[in-house]
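The values are calculated or read from the model by the stated rules, or taken from the named source; none is laboratory data. Being a predicted model, the structure only gives us computed values, none of them experimental. All Cβ positions, glycine included, derive from the backbone under ideal geometry; neighbour counts span all protein chains shown.
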Amino acid sequence: MKEVNNLNRQMEHVKERVENVLKLAKTLGADGAEVAMSRQQGLSVNTRLGEVENVEFTNDGALGITVYQAGRKGSASTADLSEGALTQTVTAAINIAKYTSVDDCSGLADKSLLAMTPKELDLHHPKEISTDQAIALAKRCEDTALSFDERITNSDGATFASFEGFKVYGNSHGQLVGYPSSRHSLSCVTIASDGDDMERDYAYTVNRDFDLLDDAEQVGRKAASEVLSRLQPQKLSTRKVPVLFRADIANTIFGHLIAAISGGNLYRKSSFLLDALGQPIFPEHLTINEQPHIPKALASSAFDSEGVATVDREIIKQGALETYLLTSYSARKLGMTTTGHAGGIHNWIVSQNGGDFEAMLNQLGTGLLVTELMGQGVNVVNGDYSRGAAGFWVENGRIQYPVAEITIAGNLQDMFKNMISIGSDTDMHGSIRTGSVLIEEMQIAGN
């Protein structure tokens with residue numbers, strides 16, 4: 001309770017400063033202004049082979065201001081919240097605006113779209129953890145992994161981190177809002193050896209509520225199991241086969257969708273999904289809903305980084321694209337209205353039409369299960385997709401052996417349309433909640 005009260009006092013102090021900065025910007029001649037500040041404090045420890053490698057205490061934050069003056073824009077920031085430093089920062093932003101070009105699309109979000117009284121989403125769950133307790137957690141996690149099997153021969157360490165902080169946003173429309181949040185995580189990276197082969201893999205757990213983390217031993221066992229399953233990988237010959245993306249990496253495919261329907265790429269005409277609004281881009285079985293207000297969720301937020309209220313929204317409905325992802329600026333460029341996506345997406349829920357992981361393997365039949373992707377070979381302009389991959393060869397619904405040093409390739413438009421099935425094995429670790437994704441056919445480049 002002491003930590004909560006202290007953070008709330010800090011947040012109220014920052015709100016006062018933000019209010020003063022907005023008044024000063026108006027006094028100095030700004031037509032409009034917006035101010036944002038985030039602050040984070042916490043602890044991170046790293047252990048390796050039973051020894052403490054790193055202990056890091058964090059307490060930082062910065063205040064940024066953007067001013068608008070006759071269609072011109074200027075921005076500046078400071079970590080110093082003293083009156084003098086804030087005055088200098090506002091003055092700097094005003095001076096910068098004098099030298100920028102007039103842009104009719106810049107400016108604050110429309111007042112009618114702002115979250116003046118945002119919802120409480122239960123995002124703040126601080127935990128008093130001493131350095132010794134944090135080190136003990138990381139050591140337990142790593143020790144469990146190292147003792148799991150004699151083939152676990154080394155480790156890149158275990159890391160425990162616990163942070164809390166807040167965000168405050170205000171603008172000259174009279175909006176002044178903020179919320180506290182927390183984030184706790186534990187991870188472990190293990191190395192296994194078998195003859196000349198050496199493999200590396202990891203496991204982790206993350207949550208806003210410390211009490212909802214997987215326990216240290218569970219994370220250690222999973223890290224060990226993952227790396228052991230990869231030992232002695234084989235190579236594949238070049239072929240076309242069905243491909244199943246395991247749930248924990250399937251979200252990357254939808255990440256490319258985010259890029260393709262983001263306003264910045266659309267108004268620059270740098271997306272393979274130009275003019276796709278209302279068009280079918282996935283099979284009819286697939287729907288994606290955005291739910292920004294799920295309590296405790298990692299990507300929940302009552303407002304975006306422009307203060308625009310977030311709302312439940314259908315992104316994909318029965319395969320068709322229902323909305324772009326727009327900020328105020330990109331919306332004006334496109335002659336549309338912002339969708340509240342300044343700063344990113346908020347809890348995408350991907351529909352399911354398949355069963356659990358075993359059922360998805362059975363549906364795959366004979367093909368490739370992908371558990372790791374490497375490289376950045378994705379072209380959002382034309383949709384070309386080519387990435388290094390590792391995983392497992394599957395026959396008759398059963399994993400046969402690990403595979404590595406292969407490349408999978410296709411085009412995102414085809415990959416989207418040929419998503420046969422989405423599993424119920426939903427991964428909850430990020431902003432996109434999806435199960436395993438089965439794609440009818442992709443090109444594999446191997447030997």
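Summary table
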{"read-out": "Subset tally (residues that are surrounded by fewer than 17 Cβ atoms within 10 Å (Cβ to Cβ), touching a residue at least 40 places away in the same chain (Cβ under 8 Å) and closer than 30 Å to Glu142 by Cβ) for region 5-52", "value": "4"}
{"read-out": "When residues of region 359-412 are limited to those that are in a loop (DSSP other than H, G, I, E, B) and modelled with pLDDT under 95, the one farthest from Asp427 (Cα to Cα)", "value": "Gly377"}
{"read-out": "Search result, residues across region 334-377 that are closer than 30 Å to Val311 by Cα and crowded, with 18+ Cβ neighbours inside 10 Å", "value": "Thr338, Thr339, Gly340, His341, Ala342, Ile345, His346, Asn347, Trp348, Val350, Gln352, Gly354"}
{"read-out": "Matching option when the condition is closer than 20 Å to Arg332 by Cα, in contact (Cβ under 8 Å) with a residue 60 or more places away in the chain and assigned by TED's automatic domain parsing to the domain that holds Ile65, among Asp104, Asp122", "value": "Asp104"}
{"read-out": "Among the candidates Val67, Val55, residue that is within 29 Å of the chain's Cα centre (by Cα), surrounded by 19 or more Cβ atoms within 10 Å (Cβ to Cβ) and modelled with pLDDT of 95 or more", "value": "Val67"}
{"read-out": "Qualifying position, being surrounded by fewer than 19 Cβ atoms within 10 Å (Cβ to Cβ) and free of Cβ contacts under 8 Å to residues at least 60 places away in the same chain, among Asp196, Asp209", "value": "Asp196"}
